[in-house]
1. Can you go through 18, 42, 56, 3 and tell me which one is touching a residue at least 24 places away in the same chain (Cβ under 8 Å), out of contact with any helix residue (DSSP H, G or I) (no Cβ under 6 Å at 6 or more places or on another chain) and part of a strand (DSSP E or B)?
2. Within the stretch 21-39, track down each residue that is free of Cβ contacts under 8 Å to residues at least 12 places away in the same chain and surrounded by 12 or more Cβ atoms within 10 Å (Cβ to Cβ).
3. If I go through the stretch 229-279 residue by residue, how many of them are surrounded by 16 or more Cβ atoms within 10 Å (Cβ to Cβ), without any contact (Cβ under 8 Å) to a residue 40 or more places away in the chain and in a strand (DSSP E or B)?
4. I need a count of the residues in the stretch 147-165 that are more than 30 Å from residue 325 (Cα to Cα), touching a helix residue (DSSP H, G or I) at 6+ places or on another chain (Cβ under 6 Å) and modelled with pLDDT of 85 or more.
5. Of all residues in the stretch 136-176, count the ones that are over 21 Å from residue 75 (Cβ atoms) and in a helix (DSSP H, G or I).
6. Any chance the stretch 166-182 includes a residue that's touching a helix residue (DSSP H, G or I) at 6+ places or on another chain (Cβ under 8 Å) and modelled with pLDDT of 95 or more?
7. Could you say which residue among 111, 82 is assigned to a helix (DSSP H, G or I) and modelled with pLDDT of 95 or more?
8. Would you be able to say whether some residue in the stretch 185-203 is within 25 Å of residue 326 (Cα to Cα), assigned to a strand (DSSP E or B), without any contact (Cβ under 8 Å) to a residue 40 or more places away in the chain and under 14 Å from the mean Cα position of the chain (by Cα)?
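The values are calculated or read from the model by the stated rules, or taken from the named source; none is laboratory data. Nothing here was measured: the structure is a model prediction, and the numbers come from that model. Because the Cβ atoms are built from the backbone with ideal geometry, glycine has one as well, and the counts that use them run over all protein chains shown.
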């Protein structure tokens with residue numbers, strides 16, 4: 001980033017936005033951090049908590065183009081995290097997911113291009129790969145919107161994205177739910193003995209976005225190589241950490257939920273580039289020449305294996321405990 005830069009975080013009062021603030025608030029290169037969100041109460045609480053003149057708060061909704069223009073005008077860089085992220089709410093209200101995750105992203109990208117923002121990183125999710133629920137489908141189309149916008153020929157704005165798995169201890173994730181069940185001496189609910197999930201911390205999520213920021217080309221999607229864990233083991237690790245006698249109850253896979261999560265599909269694996277800790281999935285930048293769709297393809301797709309939470313490195317209970325105990329949210333719960 002260049003000196004005296006202005007960084008905008010959409011959805012900045014969420015878990016990711018707070019992690020970015022923690023990372024950048026004392027960085028001398030950035031002169032201003034802008035937080036755009038529609039929740040006045042969360043902005044008030046965050047403003048009181050950080051108490052910094054460097055951070056400016058903007059009330060706006062990514063669904064409303066006019067409401068976000070003031071925050072984007074004058075921004076040098078954008079981390080676009082605003083989204084509907086909960087699977088059940090998107091299942092019941094799929095058009096709301098469309099409005100926020102797809103049309104809202106298009107609004108942010110269009111405004112970034114209009115005001116010549118230098119770079120914008122769009123945050124996506126593993127649920128966008130082989131999607132089976134409305135949240136994943138809306139995020140999958142959001143990625144397509146991002147790639148389409150990156151092709152538009154405006155060289156002043158570089159657009160790329162990241163895709164990551166469940167962020168440990170973030171709002172609505174499984175670890176805070178289990179901790180609450182333990183504290184209330186309730187049964188710990190696990191969906192399936194064989195269910196696995198990627199294990200990423202908020203710091204990992206910020207690192208991934210920064211890696212994309214430093215290395216991204218138009219339309220790229222970046223994925224971090226992450227360990228995974230069996231959710232039954234996660235429950236057992238939390239029982240040991242909190243010395244709980246709660247029983248573990250299996251409730252079955254819920255509607256819109258997968259047994260494993262996939263971060264890169266077979267088709268993407270056939271063309272992605274691998275670095276030490278990350279994958280880069282380049283955009284399909286063919287022009288609108290439909291003849292090429294009939295004459296060119298990838299012959300090695302059939303031999304590729306998708307990258308999912310069941311074929312990556314698996315954490316045992318001891319390593320899970322160490323990782324879980326490193327989380328600030330868990331430390332606060334213990335004390």
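1. Criteria check complete, one pass: 56.
2. 22, 27
3. Looking only at that region, the number is 0.
4. Taking the stretch 147-165 as the starting set, the residues that turn out to be more than 30 Å from residue 325 (Cα to Cα) are 147-160.
Okay, now just the ones that are also touching a helix residue (DSSP H, G or I) at 6+ places or on another chain (Cβ under 6 Å), so 149, 154, 157, 159-160.
Now restrict to residues that are modelled with pLDDT of 85 or more: 149, 157, 159-160.
Looking only at that region, the number is 4.
5. 13
6. We begin by selecting, within the stretch 166-182, every residue touching a helix residue (DSSP H, G or I) at 6+ places or on another chain (Cβ under 8 Å); these are 166-171, 174-176, 178-179, 182.
Narrowing further to those that are modelled with pLDDT of 95 or more: none.
No, because not a single residue in the stretch 166-182 is touching a helix residue (DSSP H, G or I) at 6+ places or on another chain (Cβ under 8 Å) and modelled with pLDDT of 95 or more.
7. Working: 82 fails: assigned to a helix (DSSP H, G or I).
Result: 111 is the single residue among 111, 82 that is assigned to a helix (DSSP H, G or I) and modelled with pLDDT of 95 or more.
8. yes
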